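The values are calculated or read from the model by the stated rules, or taken from the named source; none is laboratory data. For clarity, every value in this text was computed on a predicted model and none was experimentally measured. Cβ sites come from the backbone with ideal geometry, for glycine too, and all protein chains shown count toward neighbours. Heads up: the accessible areas ignore ligands, DNA and RNA and are worked out on the full protein's heavy atoms, side chains in. Shrake-Rupley method; radii C 1.70, N 1.55, O 1.52, S 1.80 Å.
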Amino acid sequence: MLRVRCLRGGSRGAEAAHFIGSRLGRGFTGWVQRSFQSTQAATASQNTCAAVDNKATSPVPKDCPVCSYNEWDPLEEVIVGRAENACVPPFSVEVKANTYEKYWGFYQKFGGQSFPKDHLKKAIAEIEEMCNILKREGIIVKRPDPIDCSVKYKTPDFESTGMYAAMPRDILLVVGNEIIEAPMAWRARFFEYRAYRRIIKDYFNCGAKWTTAPKPTMADELYDQDYPIRSVEDRHKLAAQGKFVTTEFEPCFDAADFIRAGRDIFVQRSQVTNYMGIEWMRRHLAPDYRVHIISFKDPNPMHIDATFNIIGPGLVLSNPDRPCYQIELFKKAGWTVIRPPVPLIPDDHPLWMSSKWLSMNVLMLDEKRVMVDANETSIQKMFENLGISTIKVNIRHANSLGGGFHCWTCDIRRRGTLQSYFD
């Protein structure tokens, strides 16, 4: 039986095991402790991560339009999000926990309304140009349906308006020939899946698997209503203690907290992805895939791909400002760990939902081609030194909505086979 290998070491791992167990009960405690003990034993062994089984398999039917196992095989078809009708989410407790203090006034003033119209217009134009460039590279591009995100909706547990359909990476995870719809954790994103249903139904009718993870109620119990955040210092303290705004009341996760490398899928516990959500994914994907929990020195973990972005077989970009606590295990497995350069985005450019490290949130078109921001000349040079040609696109205004190239896309088909890169 495969299990999530919680790679957290030392006292942090023990604290994590105790914390999860206290929230989820005795049976789950046993699983966490066994995972942690297994990780300790693996760390002690010199050979644990050295062997790599590169035996290739291809269980996906040949005529299925959906097939993607990793982040770097040749890209053939992709979904690209839309900025049209994007709205500022209401300033609820989970939004506050995921955004920076200097923008809280922006959310309080404009929550439920459109993002600034001029900025949105420029973002739309940038993404259109990005789509055109992808098409010129021979890639099929699909787009979600425009939806009115300003409409207020009500469930038995909460009221909200919507946000957007800009970041398909947040809500969709493709594993082999299966599309998994993430349950999400922000109330403003509860109905975001509706923008993608037409596309997903088409893929399903052509042979793809389609799974929707359990939809959370998003009742008040899912959130720590008294989450004590007032400053960046608070964030650091809470993250170090393993405390997040989402509780273990019910499973929740965003797809963008997972990143794929063949049979191995890496995930972080974040403000939007809880341990119950990770455990659901582990059980769902076993025994063909292994789900590993990794962690970072990150005061505001939300989505892994601007912190730890796998760009090739055994090749990963690791954010120097958010070091990975388990990075030695990757090095022992023979992986090459690259520290990307400091982003060049100006301090006065609005980033309402993200950090400057969207510079490393790149999209690999294959092992030797990468889509990168036209303004980020330092990371362009880094890729060129690695022998990877850069396809430069300007999406500065699109960045403001919370994503880089990886976020704005969901790769539907990559030409490749299922392999193991981390044993």
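Within region 203-213, identify whether any single residue is surrounded by fewer than 20 Cβ atoms within 10 Å (Cβ to Cβ) and β-branched (V, I, T), and answer yes or no.
Going through region 203-213, the residues surrounded by fewer than 20 Cβ atoms within 10 Å (Cβ to Cβ) turn out to be 204-207, 209-213.
If we keep only those that are β-branched (V, I, T) too, we end up with 211-212.
Yes.
Consider region 368-417 and keep the residues that are among the acidic types (D, E) and free of Cβ contacts under 8 Å to residues at least 40 places away in the same chain. The one that is surrounded by the fewest Cβ atoms within 10 Å (Cβ to Cβ) is E384.
Answer yes if at least one residue in region 242-259 is open to solvent by less than 20 Å² (accessible area, probe 1.4 Å), part of a strand (DSSP E or B) and small (G, A, S), and no otherwise. The answer is no, given that none of the residues of region 242-259 is open to solvent by less than 20 Å² (accessible area, probe 1.4 Å), part of a strand (DSSP E or B) and small (G, A, S). Here is a list: Y223, Y203. Which entry is on the phi < 0 side of the Ramachandran plot and touching a helix residue (DSSP H, G or I) at 6+ places or on another chain (Cβ under 8 Å)? That would be Y223, the only listed residue that is on the phi < 0 side of the Ramachandran plot and touching a helix residue (DSSP H, G or I) at 6+ places or on another chain (Cβ under 8 Å).
Kindly indicate whether G176 is at negative phi and at pLDDT 95 or above. Walk me through it before giving the result.
On the way: at negative phi: no; at pLDDT 95 or above: yes.
No: the conditions fail for G176.
Which residue out of N309, N361 is open to solvent by less than 10 Å² (accessible area, probe 1.4 Å), at pLDDT 95 or above, touching a helix residue (DSSP H, G or I) at 6+ places or on another chain (Cβ under 6 Å) and farther than 20 Å from R82 by Cα? Within the list N309, N361, the selection yields N309. Contact map, region 106-128: first residue touching a residue at least 12 places away in the same chain (Cβ under 8 Å), second residue of a type in the set (G, A, S) and assigned to a helix (DSSP H, G or I), Cβ cut-off under 7 Å, separation 6 or more or different chains; pairs are A123/A398; E126/A398; I127/A398.
When we screen I140, I79 for residues that are surrounded by 15 or more Cβ atoms within 10 Å (Cβ to Cβ) and among the β-branched types (V, I, T), the only hit is I79.
Regarding P287, is this residue of a type outside the set (A, V, I, L, M, F, W, C), closer than 23 Å to F191 by Cα and surrounded by fewer than 24 Cβ atoms within 10 Å (Cβ to Cβ)? No.
Every condition in (1) assigned to a loop (DSSP other than H, G, I, E, B); (2) under 19 Å from the mean Cα position of the chain (by Cα); (3) surrounded by fewer than 22 Cβ atoms within 10 Å (Cβ to Cβ) holds for D226 except the one numbered (2).
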